[in-house]
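So the structure is just underneath, and the comments pick up after that.
Rule-based calculations on the coordinates, nothing more; no lab input. The model shown is predicted, which means the values in this text are computed figures rather than measured ones. When we count neighbours, we look across all protein chains shown, and the Cβ atoms used for this are built from the backbone with ideal geometry, even at glycine.
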Amino acid sequence: MRKLYNYCDQFCKDQIIFVTKEDHEAPSNAELVEDDPNDPYEDHGLILPNGDINWNCPCLGGMASGPCGQQFKDAFSCFHNSKEEVKGSECIDFFRGMQECMQKYPELYPQEDDNESAPSGEAEAEAEAVLPADSTKEVASGTESPATS
Amino acid sequence: MFKCKAAWNKLAPLARASSTLCRQAGKRAVFRHERTPQFVQPAHMSSGPSGGGGENTLYFVLVGATCLAGGAYAYSTLVGDRERYQQRITEIESRSSKPAAEPSTPAKTQLETAAQAVSEPTEASEPASAAASPAVEPTHAPYLLIGGGTASFAAARSIRARDPGARVLIVTEEDDLPYMRPPLSKELWFSDDPTVTETLCFKQWNGKERSIYFQPPSFYVSPTELESVENGGVAVLTGRKVMHMDVRGNKVKLSDGTEISYDKCLIATGGIPRNLQVIERAGDEVMKRTTLFRKIEDFKALEKVSRELKSITIIGGGFLGSELACALGRRSADLGLEVVQMFPEKGNMGKVLPEYLSNWTTDKVKKEGVKVLTEAVVKNVTYKEGKVEIKLKDGRVVKTDHVVAAVGLEPSVELAKSAGLEIDSDFGGFRVNAELQARSNIWVAGDAACFYDIKLGRRRVEHHDHAVVSGRLAGENMTGARKPYWHQSMFWSDLGPDVGYEAIGIVDSSLPTVGVFAKATAKDTPKAATEQSGTGIRSESETEAVAGSVAVGKAAPTPPPQQKEDYGKGVIFYLRDKVVVGIVLWNVFNRMPIARKIIKDGEEHADLNEVAKLFNIHEE
């Protein structure tokens with residue numbers, strides 16, 4: 001590691017340090033404050049600490065707020081709360097309702113995959129396939145869920 | 001004489017009462033301030049009316065005239081209102097009696113379904129099928145959002161997600177539906193599509209194309225249907241400005257006279273670009289050739305200019321100015337266009353980046369084909385012999401065809417007066433608390449909000465992600481969340497193939513900084529960075545750096561050895577009282593969560609090199 005301008009420590013406003021890969025090999029000893037998982041202020045990914053779905057998660061994009069938002073919420077809630085062996089198998093009607101609604105707005109919900117029959121994983125798959133990324137770097141603004149394409 | 005006095009005494013109170021009434025009615029018509037004492041005087045005059053006979057006649061004539069003027073004004077207002085009311089009723093009736101017969105409606109419905117902004121007034125764009133129910137413009141909106149930009153749209157989405165069936169009305173001055181601003185100075189310029197000014201589509205960092213509009217027109221509900229549609233929705237009233245806000249009555253008045261009442265209101269009015277006084281004073285010929293860049297129409301105009309003219313000068317060395325300079329610079333070779341950028345600082349992003357990095361950036365901008373004039377203060381601007389002539393204070397002269405002023409944003413706070421809201425004197429904008437609330441039921445988000453950041457103090461941020469974050473937070477708080485500004489927003493800038501950075505927190509070059517850079521190895525190429533930052537791949541230019549000039553305090557040590565340093569990638573920490581308040585990730589991507597965490601902790605770190613290790617800057 002080489003510090004550029006050693007006299008900078010006292011006089012210079014802008015310090016510059018150059019480091020090689022070896023310099024940074026040893027793990028950091030910087031201390032970070034432990035996160036409180038129940039912090040009420042924090043943004044919480046898709047699932048809130050109490051188990052509810054965070055409809056405002058950026059990862060959902062506009063799914064819960066658009067014209068078919070209510071149908072999407074119904075379908076996804078049913079799926080999320082489903083305790084069946086094939087998760088969400090009792091939610092077929094909700095998903096059908098959602099798909100019917102979405103077909104009315106092809107511009108908003110481009111039908112990329114028409115053969116979605118099994119409800120299990122369909123909600124996530126549809127959320128990911130259909131999601132228009134809103135701002136070019138919205139996914140970089142701290143969503144815990146995996147970045148959608 | 002006695003009779004006169006008695007008669008006068010009887011008349012005096014009457015005169016006083018009628019004069020008060022007339023004064024109130026005729027305030028707008030006639031305003032004679034100096035006459036006021038006269039009204040009171042006659043009542044107290046006991047010497048008799050004969051003494052001031054002439055004055056009294058004048059007094060009566062004046063009062064009579066005021067009453068007439070006031071009456072005439074009141075009458076004309078009433079008539080006008082009635083006329084307007086009649087017009088509207090007849091229009092509604094004609095609309096409901098002719099469902100699909102009108103030839104103009106099919107054309108308008110077609111326009112609606114195209115992926116273009118709806119620019120006509122909303123009554124005309126109503127689909128013909130909704131003819132059965134009487135179509136009335138909304139007079140009440142449970143959620144009223146003033147301004148149709150990024151913050152407003154983020155709030156609308158947040159409200160709809162949290163309040164099922166919410167009815168949200170966005171009122172915007174612009175003719176366009178809500179759109180995102182960053183591509184106007186970045187991606188849209190890199191597009192190979194010649195019709196980009198029409199489609200307004202660009203390629204994202206993941207390769208997918210998308211429009212700058214957040215959602216196509218079909219996402220929105222028509223404003224006339226907002227109150228009746230089953231599951232609620234978001235409606236946009238374009239081309240209307242909110243002129244007056246009545247906080248006590250919870251209603252606003254629009255530029256066309258409509259009044260809309262609300263339950264919760266968001267002010268997201270953003271701002272308007274600042275102009276230089278020297279340009280404003282320079283006259284029409286110069287103003288015609290000046291662009292204040294902010295909106296879609298400005299992008300379209302500048303794009304046209306870049307193809308038709310030979311020289312463009314950008315005044316301003318911050319984000320917008322530098323991005324536009326780079327975007328135009330890249331085209332300069334193909335178009336035979338001269339691109340000049342001038343600013344008072346010593347280097348591009350001089351107010352953001354530490355000097356050594358600012359110098360390095362300036363070099364890169366120059367490599368993009370831009371003539372950069374640093375330490376340039378404009379003295380005056382004139383239009384001479386078909387060219388705009390810019391004279392600098394140090395004597396340099398620049399002759400150009402077109403000027404782009406990118407010298408900052410003036411937050412739009414005109415509503416503060418009528419609404420009785422506080423304006424911040426340090427940062428500008430509406431002053432709001434940590435929960436973005438100005439008063440009960442009124443929130444402010446985006447560029448116009450001067451808010452209290454629990455971690456970093458009171459500030460006002462003019463970045464896209466902040467508009468998204470604050471808009472979302474305002475929407476949450478409008479639906480009862482009561483959360484403070486907590487999730488720190490970030491920003492980014494791309495200045496060509498070699499320079500891409502993300503930043504978070506307070507990034508002010510006047511703060512002391514510590515920069516930790518990876519020593520360049522043969523493997524470090526700009527290619528990976530450009531793929532990350534989404535800009536096109538250019539030839540690998542040599543990353544020559546300038547030996548950073550150092551601000552020396554007291555002693556004058558021997559000047560540092562001239563070294564070619566490569567600031568290829570690294571992390572720069574901005575410190576305030578030894579606590580990290582801002583971080584720039586220089587060509588290092590996908591590390592924002594760590595940066596966010598460090599700022600959130602707000603801890604004093606003895607050795608920032610150890611903190612820098614957390615970023616793994618040597619890896620991709």
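Taking every Cα-Cα distance in the range B:345-407 and sorting them into 5 Å bins starting at zero, the pair-distance distribution P(r) comes out as 4, 17, 21, 22, 19, 11, 5, 1, 0 percent.
Couplings 3J(HN,Hα) of the range B:282-288, computed from phi: 6, x, 4, 4, 6, 4, 5 Hz, in residue order, whole Hz [Karplus 6.51 cos²θ - 1.76 cosθ + 1.60, θ = phi - 60°; x for Gly and Pro]. Relative contact order for the range B:132-211: 23 percent, from Cα pairs under 8 Å spaced at least 6 residues apart, divided by residue count. Remark: A:Ser28, B:Ser332 ranked as A:Ser28, B:Ser332, counting other beta-carbon atoms within 10 Å and listing the fewest first. Structure note, pairs B:Lys569/B:Lys600; B:Lys251/B:Lys417; B:Lys310/B:Lys387; B:Lys346/B:Lys455; B:Lys366/B:Lys519; B:Lys203/B:Lys295: Cα-Cα distances above 21 angstrom occur for B:Lys569/B:Lys600; B:Lys346/B:Lys455; B:Lys366/B:Lys519. Between B:Glu422 and B:Arg431, the built amide H atoms are under 5 Å apart, and every one of these is 5 or more places off in sequence or on another chain. For the range B:252-404, the fraction of C-alpha pairs farther apart than 21 angstrom is 50 percent.
Around the amide H of B:Glu410, modelled in the peptide plane, lie the amide H atoms of B:Ile272, B:Arg274, all under 5 Å away and 5 or more residues distant in sequence or on another chain. Reported to the nearest whole Å, the Cα centre-to-centre distance from the range A:29-94 to the range B:254-280 is 36.
Close amide H pairs (under 5 Å, H built 1.01 Å from N) link B:Ser493 with B:Tyr501, residues at least 5 positions away or on another chain. Dividing the mean sequence gap of close Cα pairs (under 8 Å, 6+ apart) by how many residues the range A:42-88 holds gives a relative contact order of 21 percent.
Put simply, when B:243-254, B:309-320, A:72-83 are sorted by average Cβ atoms within 10 angstrom per residue, most first, you get B:309-320, A:72-83, B:243-254. Placing pseudo-labels 7 Å out from each Cα toward the beta carbon at B:Asp334 and A:Asp39 gives an inter-label distance of 4.6 nm. Where does the Debye-calculated log10 I(q)/I(0) of the range A:23-77 sit at q = 0.20, 0.26, 0.29 Å⁻¹, using only Cα point scatterers of equal weight, no solvent? Calculated log10 I(q)/I(0) at the listed q: -0.78, -1.04, -1.15. Computed from the C-alpha gyration tensor, the three semi-axes of the ellipsoid equivalent to the range B:174-258 are 33, 17, 11 Å, from longest to shortest. Under the rule a/c < 1.5 gives rounded, and otherwise a/b versus b/c splits prolate from oblate, where does the range B:124-273 land using the Cα gyration tensor? Prolate, since a/c reaches 1.5 and a/b exceeds b/c.
Karplus-derived 3J(HN,Hα) values for the range A:48-54, using 6.51 cos²θ - 1.76 cosθ + 1.60 with θ = phi - 60°, are 6, x, 8, x, 6, 7, 8 Hz; glycine and proline are entered as x. Per residue, the convex hull around the alpha carbon atoms of the range B:407-476 comes to 91 Å³. 3J(HN,Hα) couplings calculated from phi for the range B:408-424 with the Karplus curve 6.51 cos²θ - 1.76 cosθ + 1.60 (θ = phi - 60°) are, in sequence order, x, 10, 9, x, 8, 10, 4, 5, 4, 5, 5, 7, x, 9, 7, 10, 7 Hz; Gly and Pro show x. Among B:Thr374, B:Thr238, sorting on how many other beta-carbon atoms sit within 10 Å of each Cβ, with the fewest leading, yields B:Thr374, B:Thr238.
In the range B:237-381, Cα pairs under 8 Å separated by at least six residues give a relative contact order of 17 percent. Annotation: peptides B:143-152, B:435-444, B:352-361, ranked by per-residue average of other Cβ atoms within 10 Å with the highest first, follow the order B:143-152, B:352-361, B:435-444. When B:Val378, B:Val229 are sorted by how many other C-beta atoms sit within 10 angstrom of their C-beta, beginning with the fewest, the order is B:Val229, B:Val378.
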